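Enquirer: Here it is, the structure, as structure tokens.
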Amino acid sequence: MRSWSSPTGGSRSGRPKSNAGSGGCSLGLGFAVITELPLATGRRADMVAVNKAGAIWIVEIKSSIEDFRADTKWPDYWADCDRLFFAIPHDVSQEIMPAETGLIVADRYGAEVIIMSIPRQPMFT
């Protein structure tokens, strides 16, 4: 595993501190990050990362098990990305996260990709 660090603090939305670390992780992988991006479906992605090759990753940030369980919209994000990840703090159980998504464990200082997401078909060919 490789980890990356981010010098920034939390997000303006009041999201958990894992947002900043997740952004640092994406940047460390060669991605540009956009936070709280509205999608064509009317949904809003917590983070969208795009690289030079055009790969699009969406990162959904969850602060607790309850936050994850209350979210029924995340499967809709597959239509807008090549890979889907959940970013969680260290104290949230990794076992409850869906097997088909990637997993990032993050805090305000950095993040580590624990599980790489299963890729979907590229959105553009």
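Derivation of every value follows stated rules applied to the coordinates shown; laboratory data play no part. Remember, it's a predicted structure, so these values are computed and weren't measured experimentally. Positions of Cβ are generated from backbone atoms using ideal geometry, with glycine treated the same way; all protein chains shown enter the neighbour counts.
Enquirer: Criterion first (free of Cβ contacts under 8 Å to residues at least 40 places away in the same chain and small (Gly, Ala, Ser)) does ALA87 satisfy it?
Expert: On the way: free of Cβ contacts under 8 Å to residues at least 40 places away in the same chain: no; small (Gly, Ala, Ser): yes.
So ALA87 does not fit the description; no.
Enquirer: Moving to a separate point now. Would you check which residues across segment 44-70 are basic (Lys, Arg) and under 15 Å from the mean Cα position of the chain (by Cα) and list them?
Expert: Taking segment 44-70 as the starting set, the residues that turn out to be basic (Lys, Arg) are 44, 52, 62, 69.
If the condition is that a residue be basic (Lys, Arg) and under 15 Å from the mean Cα position of the chain (by Cα), then ARG44, LYS62 are the ones that fit.
Enquirer: Would you confirm, using the coordinates I've provided, whether TRP78 is in a helix (DSSP H, G or I) and touching a residue at least 40 places away in the same chain (Cβ under 8 Å)?
Expert: Details: in a helix (DSSP H, G or I): yes; touching a residue at least 40 places away in the same chain (Cβ under 8 Å): yes.
The answer is yes for TRP78.
Enquirer: Additional query: Residue by residue through segment 53-75, note down the ones that are closer than 21 Å to PRO38 by Cα, part of a loop (DSSP other than H, G, I, E, B) and not acidic (Asp, Glu). Walk me through it before giving the result.
Expert: Here is the first cut: in segment 53-75, the residues closer than 21 Å to PRO38 by Cα are 54-63, 67-68, 70-75.
Within this subset, residues satisfying the condition of being part of a loop (DSSP other than H, G, I, E, B) are 54-55, 62-63, 71-73.
Passing the criteria: GLY54, ALA55, LYS62, SER63, THR72, LYS73.
Enquirer: I need a count of the residues in segment 81-112 that are assigned to a loop (DSSP other than H, G, I, E, B), among the charged types (D, E, K, R) and surrounded by 14 or more Cβ atoms within 10 Å (Cβ to Cβ).
Expert: Step one: list which residues in segment 81-112 are assigned to a loop (DSSP other than H, G, I, E, B), which gives 81-82, 89-93, 97-101, 107-109.
Remaining after also requiring among the charged types (D, E, K, R): 82, 91, 100, 107-108.
Cutting the leftovers down to surrounded by 14 or more Cβ atoms within 10 Å (Cβ to Cβ) gives us 82, 107-108.
Count: 3.
Enquirer: LYS73 passes all but one of (1) surrounded by fewer than 15 Cβ atoms within 10 Å (Cβ to Cβ); (2) under 13 Å from the mean Cα position of the chain (by Cα); which number fails?
Expert: (2)
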